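In what follows, a single structure is set out as structure tokens and then discussed.
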Amino acid sequence: MAGGNERIEVEGCDTIPKLFWHQVKARGERTAFREKDLGIWRATSWREYGERARAAGMGLVSFGLSHGQVVSVLAETVPEWLYVDMGTMGAGGVTNGIYPTDSAKQVEYILNDSRTRFLFVENEEQLDKYLEVRERCPDIVKVFVFDMEGLADFKDPMVMPFEELLALGRQYDKAHPELWEKLVAGSRAEELALLVYTSGTTGPPKGAMLSHRNVIFQISNADAFIPVVEGGEQLAFLPLCHVAERTFTTFLPLRSGAIANFAESVETVPENIREVAPTTFFAVPRIWERFYSGIAIRMKEATWLGRVAYRWAIGVGLQVAESELEGRQPSPILKLRRAVAEWLVLDNIKRAIGMHRVRFAGTGAAPIAPDLIKWYRALGVDMREVYGQTENCGLATGMPNRIKLGTVGVTAPRTETKISAEGEILLKGPHIFMGYLNQPEKTAETLRDGWLHTGDVGYVDNEGYLKITDRMKDIIITAGGKNITPSEIENQLKFSPYISDAVVIGDKRKFLSCLIMIDYDNVAKHAQDNNVPFTDFASLCRAREVNDLIWSEIERVNANFARVETIKKFRLIEQQLTAEDDEVTPTMKLKRKFVNEKYKGMIDGMYAEAV
């Protein structure tokens with residue numbers, strides 16, 4: 001394991017700005033990333049990336065950015081995010097991301113908690129959030145806007161277009177030609193590089209402090225589980241303020257040179273992924289569930305021959321996947337059948353979801369149903385689950401060549417995992433964060449004796465694979481004293497194309513019940529196909545046929561669990577939730593505690609009825 005003071009480097013560089021600037025010089029005209037403009041994917045070279053980042057950083061210095069001050073970005077996943085990120089860190093500042101779905105009130109909290117000096121916003125919509133709370137954000141010196149559409153006549157001494165900042169930065173750079181290189185060289189491994197606010201499933205977000213050393217260690221360690229190859233292609237679409245997307249889109253390409261292709265929007269991801277055909281694709285379980293649901297629904301509508309061919313091909317794929325998971329070579333006959341299945345069906349499905357070139361398909365940030373991983377592996381997509389947290393700067397465990405379903409793999413090199421007496425997973429290594437900003441009590445609670453207390457419950461099996469059973473605070477103890485881990489049941493429910501999310505309830509109750517968020521598109525289609533009348537989301541949720549459909553999906557899952565772990569009652573959440581709603585995190589996970597409180601009446605109603 002790497003010791004506390006060991007120098008950790010990539011290409012001889014021990015900080016993010018040093019590595020970035022080294023690669024800008026080394027890679028020159030090679031493509032760094034692409035974005036779609038007027039229907040064409042346009043490339044930006046490493047030289048242009050470096051020039052814009054430098055101009056952004058020098059522009060901030062000209063406005064008085066000093067060492068260690070915080071710069072916040074409130075924007076979707078766009079190239080400007082990267083210019084600001086690298087420019088800020090190169091100039092000695094600290095970058096902080098704010099979810100573009102956050103409300104004005106949440107933006108106010110983060111700006112003040114982080115004592116942000118400069119704010120970058122994507123457009124008029126995001127600027128409005130700041131303007132609503134500006135009187136209560138005294139630390140802000142200047143606000144910069146990436147996209148000025150709709151703001152041509154807007155005049156405010158505090159607000160400036162991003163392009164103007166770049167122009168000022170270039171002028172300042174000319175007047176101080178050696179300053180940028182000096183600032184980059186002055187960056188220190190142990191210093192704060194970025195803040196990542198956790199999504200706050202249990203209260204206000206906490207600003208996790210990550211050092212240059214944390215990030216450089218993760219970049220140096222990544223190839224234990226992720227292929228680091230020249231010429232890789234990726235799709236950038238998850239929020240860059242999330243540590244997973246920041247790692248894949250911004251940090252890992254500093255080593256691999258992989259090209260990030262910026263999706264036009266979250267809605268266009270299915271179309272963009274087909275166009276890009278990435279070689280590496282990381283997504284949260286909700287995205288993988290959506291791809292699967294789309295294929296499952298398409299197959300229900302296919303011709304009789306199409307359905308038969310699909311069932312046969314996926315069956316052959318599953319046999320091969322199961323052989324590989326058991327460490328056996330498929331027989332020559334099975335290999336031949338797999339080749340035919342690939343040619344007739346499976347290759348077409350992979351192309352339909354843009355997965356035909358993928359060498360690494362990763363899932364993480366939330367639990368996933370093992371059956372879903374098995375389905376992708378049956379297609380021939382090498383899908384692997386990884387595990388980590390913001391507090392350990394991303395990756396803690398991953399899959400070596402031998403995949404073990406239901407586990408999150410083995411501990412990464414140069415790090416340690418152990419299980420506490422209470423069953424909590426503890427982590428130690430150079431990736432462990434510096435603590436929570438302004439929250440010494442929470443830091444002391446989370447970091448003890450050099451170990452990160454993850455809040456996850458699990459165990460390490462006899463082969464060194466880590467199995468996560470649940471979050472410590474989520475374990476349900478029924479009125480009968482039975483301990484139940486709800487995430488396993490919830491994951492199986494979410495495997496249904498009709499269920500978007502689920503929260504199992506039953507703490508100190510006689511039986512388990514469940515609140516369910518339907519997948520609107522798939523359920524609405526089912527209703528239309530079966531002549532079920534509905535006018536809006538709520539009326540769809542109230543339709544008897546829809547409730548029967550969801551109950552049949554619950555019964556399918558109940559069959560896999562002991563009687564005490566089966567769901568006896570359920571209710572549908574009758575509003576279509578978005579990331580702006582308090583019930584969900586920015587990554588669209590239902591907040592268990594909040595849901596329990598908000599829908600208390602509905603939950604109590606289920607238990608008031610006789611079973």
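The values are calculated or read from the model by the stated rules, or taken from the named source; none is laboratory data. Computed from a prediction, not measured in an experiment: that's the story for all the values here. When we count neighbours, we look across all protein chains shown, and the Cβ atoms used for this are built from the backbone with ideal geometry, even at glycine. Protein only, heavy atoms only, side chains kept; ligands, DNA and RNA dropped before computing areas. Shrake-Rupley method; radii C 1.70, N 1.55, O 1.52, S 1.80 Å.
Quick notes
- Cα shape, the range 350-415, gyration tensor, a/c 1.5 rule: prolate
- Computed over the range 197-294: relative contact order in percent, which uses C-alpha pairs under 8 Å that are six or more apart: 26
- In sequence order, calculated HN-Hα J values of the range 97-103 (Karplus, 6.51, -1.76, 1.60; Hz; x Gly/Pro): x, 10, 4, x, 8, 5, 7
- Carbon/sulfur fraction of accessible area - the chain, other protein chains in place, 1.4 Å, %: 51
- 1.4 Å probe accessible area per residue over the chain, in Å²: 42
- Using only side-chain charges placed at the Cβ, +1 for Lys and Arg and -1 for Asp and Glu, the dipole size of the range 1-82 relative to its Cα centre rounds to 220 debye.
- Listed peptides 152-160, 232-240, 421-429, 367-375 appear in the order 232-240, 367-375, 421-429, 152-160 once ranked by packing, highest mean of other Cβ atoms within 10 Å at the front.
- Remark on residue 518: its backbone amide H falls under 5 Å from those of 500, 573, a criterion applied only to residues 5 or more positions apart or on other chains, H modelled at 1.01 Å from N.
- A cut-off under 9 angstrom between Cβ atoms defines the neighbours of residue 461, and their net charge, with Lys, Arg +1 and Asp, Glu -1, is +1.
- Alpha carbon convex hull of the chain, volume per residue in cubic angstrom: 173
- For the range 187-264, the square roots a ≥ b ≥ c of the C-alpha gyration tensor eigenvalues yield an a/c of 1.5 or more together with a/b not exceeding b/c, which makes the shape oblate.
- Projected-area mean, the range 143-288, by convex hull of Cα positions, square nanometres: 12.9
- 17 Å Cα-Cα reach of residue 18 towards lysines, excluding residues that sit fewer than 8 places from it in its own chain: 182
- Relative contact order, whole percent, for the chain stands at 11, derived from Cα pairs under 8 Å and 6 or more residues apart.
- Selection from 547, 77, 160 lying farthest towards where the dipole of the chain points positive, charges on Cβ: 547
- In the chain, taking the dipole from charged Cβ atoms about the Cα centre, the farthest positive-side position among 180, 104, 254 is held by 254.
- Amide H contacts of residue 509 (H built 1.01 Å from N, in plane; Pro and chain starts excluded): 479 sit under 5 Å, all sequence-distant by 5 or more or on other chains.
- HN-Hα J in Hz across the range 85-94 - Karplus 6.51, -1.76, 1.60, θ = phi - 60°, x for Gly and Pro: 4, 6, x, 4, 5, x, 7, x, x, 10
- 20 Å Cα-Cα threshold exceeded, pairs from 508/568; 36/525; 142/442: 36/525; 142/442
- Relative to the Cα centre, the charge distribution of the chain, modelled as +1 at Lys and Arg Cβ and -1 at Asp and Glu Cβ, gives a dipole magnitude of about 1620 debye.
- Measuring nothing but how far apart in sequence close Cα pairs (under 8 Å, 6+ apart) lie, relative to its length, the range 262-391 scores a relative contact order of 37 percent.
- Beta bridge orientation in the chain: antiparallel %, DSSP, nearest 5: 50
- Backbone HN-Hα couplings from phi across the range 555-560 [Karplus 6.51/-1.76/1.60, Hz, Gly and Pro as x]: 4, 4, 6, 4, 4, 8
- Less than 5 angstrom separates the built amide H of residue 147 from those of 123, all sequence-distant by 5 or more or on a different chain.
- Applying a DSSP loop filter and a limit of 15 other Cβ atoms within 10 Å to the GluC sites (Glu not before Pro) in the range 316-360 leaves 326.
- Förster-model FRET efficiency, 35 Å R0, residue 547 and residue 125, C-beta, rounded to 0.05: 0.45
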